[in-house]
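Taking it in order: structure first as structure tokens, then the write-up.
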Amino acid sequence: MAGLGTALGIRLGKAPAWQLLAILLWMHNGLGYIYDRTGYLRLTPTRKAMLQGAEPQEEANMSIEQFIDNEVKSNDVVLFMKGTPQFPQCGFSGQVVQILDHVGVGYKGLNVLESADLRNGIKTYSNWPTIPQLYVKGEFVGGCDIIREMFQAGELQQLFADKGVTVSAPAA
């Protein structure tokens, strides 16, 4: 097992084999989850099928644009990102996750790597070419550079306050 851990770039130490298996399953299944402040929320089979390009039975008529619009409008804060908040697969997505976690805002992270339709659809929806993309109360705020600059100037925290988004005390 040590050879497998080394090949994956994981330092295992004296971890038992079952822990390695659990880590690998978590890493694999992590892409099938959406995150919010309360923890993991497993995608419904219908929504997961839609993200994977299949025609789900009960949502067969919902386009990717409708899916994105529904997510943006039904959640106070949504981050379209590469990877998950627990396992960002892009440095820019990771920076935005760190900022949101530091501010203490609950958010829903959607992994655009799960679906080419979602990845391309969000760019069309926002008319913004890059990912990550942050939405607050249905409005597009920006990508990594904008979020970082707003955070550093205190504008992001003020935006959450102005929009009535609850934040916990920031990390010290």
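Please treat every number below as a calculation from the coordinates, not as lab data. This structure is a prediction, so every number in the text was calculated from the model and none was measured.
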Quiz prompt | Contour excess over end-to-end distance, with Cα ends at GLN86 and ASP101 and 0.36 nm allotted per residue | solution = 4.3 nm
Exercise. Would you mind checking which residues have amide H under 5 Å from LEU110's amide H? H placed 1.01 Å from N; only 5 or more apart, or other chain.
Key: LEU79, PHE80, MET81
